[in-house]
1. Applying the selection to segment 1-34, what residues are in contact (Cβ under 8 Å) with a residue 40 or more places away in the chain, aliphatic (A, V, I, L, M) and under 26 Å from L128 (Cβ atoms)?
2. Filter segment 89-125 down to the residues that are more than 10 Å from the chain's Cα centre (by Cα) and charged (D, E, K, R) and list them by number.
3. Mind listing whichever residues of segment 1-52 are small (G, A, S) and surrounded by 15 or more Cβ atoms within 10 Å (Cβ to Cβ)?
4. Pull up segment 123-151, narrow it to residues that are at pLDDT 95 or above and part of a loop (DSSP other than H, G, I, E, B), then point me to the one that is surrounded by the fewest Cβ atoms within 10 Å (Cβ to Cβ).
5. Quick check on segment 58-67. Is at least one of its residues in contact with a Cys (Cβ under 8 Å, 6 or more places away or on another chain) and either surrounded by fewer than 17 Cβ atoms within 10 Å (Cβ to Cβ) or farther than 19 Å from F34 by Cβ (or both)?
6. How about segment 152-161: which of its residues are assigned to a loop (DSSP other than H, G, I, E, B) and surrounded by 10 or more Cβ atoms within 10 Å (Cβ to Cβ)?
7. Provide a single number: the residues in segment 29-76 that are of a type in the set (V, I, T) and outside any strand (DSSP E or B).
8. With L45, L103, L81 as the choices, which residue is among the aliphatic types (A, V, I, L, M) and more than 25 Å from E11 (Cβ to Cβ)?
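The values are calculated or read from the model by the stated rules, or taken from the named source; none is laboratory data. The shown structure was predicted, so the numbers you read here are calculated from the model rather than taken from an experiment. All Cβ positions, even for glycine, are placed from backbone atoms using ideal geometry, and neighbour counts span all protein chains on display.
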Amino acid sequence: MSNRSFFLQRESLISTDRLVLFCDNRVVVKDDNFIWQHKNVIDLLPADAEFLLVDHDGEQFIAAHTAHDISDKITAETRSLRSLLFKESDIDFSIAGKASQILSWYRTHRYCGVCGNKTSQHEDQRVLLCANCGEQYFPRINPCAIVLVTRGREILLARSAGFFAPDFIVA
């Protein structure tokens, strides 16, 4: 585990940081790559960009969020997280998924759900606190269960009617 804060300021980022960029709920992607080097993007991010530390299997990534679309500035595009599902390795997709969930938690817990006051960041833990009523907001875990339906040597596969690629998923 790192000794860095989970809630980062632009000034606390370092040159070796790798960032996963989000504009609203969309990942900024260039040539199917969504992990950006600090030096290539930091000066292009607006002043109101938010940075959260994401640990993944002992490696650190920075989830960066901005409401402003910067994809044109870096000749990239924004994509839904789901569109990366079959394009990236499971490890890469897991990094993007974790970054997305952490950013979503942070954006949706700025105010206390009990009393409505603004929450604040804890110094040492990934938790948002309400100073008024003492409520604590930790990131939630989004579990996933994958089940394989079989009949003898057959497996059940599915495909969306609107999805034209020859890919199927386990139903």
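1. Result: M1, L8, L13, L19, V20, L21, V27, V28.
2. Passing the criteria: D90, D92, R107, R110, K118, E123, D124.
3. S5, A49
4. By that ranking, first place goes to G134.
5. yes
6. The answer is L156, R159, S160.
7. 5
8. One residue alone meets the criteria, L81.
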